[in-house]
Amino acid sequence: MSEPIHIGLLGLGTVGSGVVQLLEQNGAAITQKLGRPLNISRILVRDRERPRQVVVDPAVLTTDPQSILADPDIAIIVEVMGGTGAARDYILQSLHRGKSVVTANKDLLALYGKELFDAAEAHATEILFEASVGGGIPIIHPLKECLAGNRIHQVMGIVNGTTNYILTKMSREGRNFAEVLREAQDLGYAEADPTADIEGDDAARKMAILASIAFSTRITYPDVYKEGISRITTQDISYAADLGYAVKLLGIAREDGEGVEVRVHPALVPLSHPLAAVSDVFNAIFVEGDAVGETMFYGRGAGSLPTASAVVGDIMEAARNLQHRTRGRISCTCFYDKPVKPIGDIITKYYLRLIVADRPGVLATIAGVFGDREVSLASVIQERMLGELAELVLITHHVREQNLQEALHVLAGLPVVKEIACILRVEGGEAR
Ligand code: NAP
Ligand code: HSE
């Protein structure tokens, strides 16, 4: 039997436990595929006494990072601790020592990607990060390799499972946001502090990573415009369904001749679009390239074994690259410095719900304000009466966001407009 390749695992939580379990359960086949066994020699944790999801030799657990980072026998470091403090430091130390690094850490990559890739290149090693977006879904490798011959026009995805679960339940069961969020927390899908998921931060980090690869330009987390789902009501989900749309938290990255737009927000998606059928905690990433056309990657975006599936795939790639001395085959691909469009410059369609006075001439006044700002209306429906008031649902044609916002600002100041109750973008084509 050949000598094992030694791995240092940083973290033994949800993902780290999945990695240990997977390497054990499929160890024989993995050894066969690599021609050498993989061995987790040491695991960094904060608390050695904490009960674990998997059985590990207590002697392997350590709270001393240097016992891993400074060990010359450890060739591959797997960072599944999370955060942007110690994790960044340990990854940089590992790269500086020429070790290969595998990470699932989107928070870190979305902020410090350039620093990490530069360090990998400078030390002739590599950093692999398939698990950082879409959990078990292969998307980083497809974008970097299989689709590399394409010019990518658009990447549009559901990249957060918690919010997709909440919106699915609100839509199917008519229950409100707060109630379904509580259920998602009880089921362990949503964190005790669910802010990063429901306010779109988690999805924005993932979209920064995807956009950087798709358009070969560095996009960081602060470049991504984001809105969360906490203001979505069952009323709007129901009206959207009547019009032929599902409401989804979408990550959208597009490039045209003028720059790159990267945004995360809830949006109406035609029920006929493949993303509309992605339910519960599932994720999917829809990619459009000039040669491949439309293609979609679907699966579990989180969880212990699905995420470990991507991490172990990367560990095996790192092991093969070590054996064949081909590390860093594809290093950083951000060759360009493309401008990122401000949200005001995007062009899309909008769903609007307004509460207005029910009087003759009100519709004409509203249409006039939109018309003055070149906002063209595709449809106007009076949904219901609320005492003396009327509830209007409007869909626009494609308009520049800045024009729409200016029109809404004027409308908000009119005495006949009591409330602008909802503004949602409409993406993915026409509802049929
Ligand atoms: P987790 O369950 O909170 O586990 C984190 C582990 O890291 C724990 O074992 C913890 O030790 C250890 N750790 C954290 N900070 C440490 C420090 N400063 N020193 C030593 N050990 C430390 O996290 P997770 O859910 O597995 O996520 C790990 C990473 O994977 C994150 O970057 C996350 O964004 C990413 N990711 C997660 C998922 C998912 O489904 N969970 C999916 C995709 C990507 P103790 O156990 O002793 O506290
Ligand atoms: N919290 C994320 C989600 C999983 O709900 O999809 C980790 O990326």
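The values are calculated or read from the model by the stated rules, or taken from the named source; none is laboratory data. Small disclaimer: the values here were computed from a predicted structure and weren't measured. Here the Cβ is made from the backbone with ideal geometry for all residues, glycine too, and neighbour counts use every protein chain on show.
Here no strands (runs of 3 or more DSSP E) wholly within region 235-305 include at least 3 residues being at pLDDT below 95 and crowded, with 23+ Cβ neighbours inside 10 Å. If you check 390, 357, 378 for being crowded, with 17+ Cβ neighbours inside 10 Å and more than 25 Å from the chain's Cα centre (by Cα), only one passes: 390.
What's the total number of residues in region 173-186 that are free of Cβ contacts under 8 Å to residues at least 12 places away in the same chain and under 23 Å from the mean Cα position of the chain (by Cα)? Total meeting the criteria: 4.
Could you tell me whether residue 193 is assigned by TED's automatic domain parsing to the domain that holds residue 249, closer than 23 Å to residue 130 by Cβ and without any contact (Cβ under 8 Å) to a residue 40 or more places away in the chain? Considered against the rule, which asks whether it is assigned by TED's automatic domain parsing to the domain that holds residue 249, closer than 23 Å to residue 130 by Cβ and without any contact (Cβ under 8 Å) to a residue 40 or more places away in the chain, residue 193 comes out as no. Would you confirm whether or not region 409-417 contains a residue that is out of contact with any helix residue (DSSP H, G or I) (no Cβ under 8 Å at 6 or more places or on another chain) and surrounded by 13 or more Cβ atoms within 10 Å (Cβ to Cβ)? There is no residue in region 409-417 that is out of contact with any helix residue (DSSP H, G or I) (no Cβ under 8 Å at 6 or more places or on another chain) and surrounded by 13 or more Cβ atoms within 10 Å (Cβ to Cβ).
Scanning region 238-261 for residues that are free of Cβ contacts under 8 Å to residues at least 60 places away in the same chain and either under 15 Å from residue 383 (Cα atoms) or touching a strand residue (DSSP E or B) at 6+ places or on another chain (Cβ under 6 Å) (or both) yields a count of 1.
Hey, can you tell me all the residues within region 316-341 that are more than 15 Å from residue 253 (Cβ to Cβ) and in a loop (DSSP other than H, G, I, E, B)?
Going through region 316-341, the residues more than 15 Å from residue 253 (Cβ to Cβ) turn out to be 316-332, 335, 337.
Residues satisfying the conditions are 324, 325, 326, 327, 328, 329, 330, 331, 332, 335, 337.
Restricting the search to helices (runs of 4 or more DSSP H) fully inside region 1-95 and requiring at least 3 residues that are modelled with pLDDT of 95 or more and crowded, with 19+ Cβ neighbours inside 10 Å gives 14-25.
Report whether or not residue 312 is hydrophobic (A, V, I, L, M, F, W, C) and either part of a helix (DSSP H, G or I) or assigned by TED's automatic domain parsing to the domain that holds residue 76 (or both).
Numbers: hydrophobic (A, V, I, L, M, F, W, C): yes; either part of a helix (DSSP H, G or I) or assigned by TED's automatic domain parsing to the domain that holds residue 76 (or both): yes.
Against the criterion (hydrophobic (A, V, I, L, M, F, W, C) and either part of a helix (DSSP H, G or I) or assigned by TED's automatic domain parsing to the domain that holds residue 76 (or both)), residue 312 qualifies.
If you go through region 142-150 one residue at a time, do you hit one that is touching a helix residue (DSSP H, G or I) at 6+ places or on another chain (Cβ under 9 Å) and within 16 Å of ligand 1 (Cβ to nearest atom)? Scanning region 142-150, I find no residue that is touching a helix residue (DSSP H, G or I) at 6+ places or on another chain (Cβ under 9 Å) and within 16 Å of ligand 1 (Cβ to nearest atom), so the answer is no.
Of the strands (runs of 3 or more DSSP E) entirely within region 346-398, those holding at least 1 residues that are free of Cβ contacts under 8 Å to residues at least 40 places away in the same chain and out of contact with any helix residue (DSSP H, G or I) (no Cβ under 7 Å at 6 or more places or on another chain) occupy 377-386, 389-396. With the requirement that a residue be of a type in the set (S, T, N, Q), surrounded by fewer than 22 Cβ atoms within 10 Å (Cβ to Cβ), farther than 19 Å from residue 274 by Cβ and within 16 Å of ligand 2 (Cβ to nearest atom), what does region 136-187 give you? Correct list: 185 only.
Cβ separations smaller than 8 Å between residues 6+ apart or across chains give the following pairs from region 3-18 residues that are within 16 Å of ligand 2 (Cβ to nearest atom) to residues that are among the acidic types (Asp, Glu): 11/79.
How do the helices (runs of 4 or more DSSP H) wholly within region 144-200 filter down when requiring 1 or more residues that are in contact with a Phe, Trp or Tyr (Cβ under 7 Å, 6 or more places away or on another chain): which remain?
161-173, 177-186
Which of the residues spanning region 185-203 are within 14 Å of ligand 1 (Cβ to nearest atom) and either of a type in the set (Asp, Glu) or touching a helix residue (DSSP H, G or I) at 6+ places or on another chain (Cβ under 6 Å) (or both)? Those that are within 14 Å of ligand 1 (Cβ to nearest atom) and either of a type in the set (Asp, Glu) or touching a helix residue (DSSP H, G or I) at 6+ places or on another chain (Cβ under 6 Å) (or both): 189, 190, 191, 193, 196, 197, 201, 202.
Which residue, of 370, 335, is at pLDDT below 95 and more than 27 Å from residue 202 (Cβ to Cβ)?
None of the others qualify; the one that does is 335.
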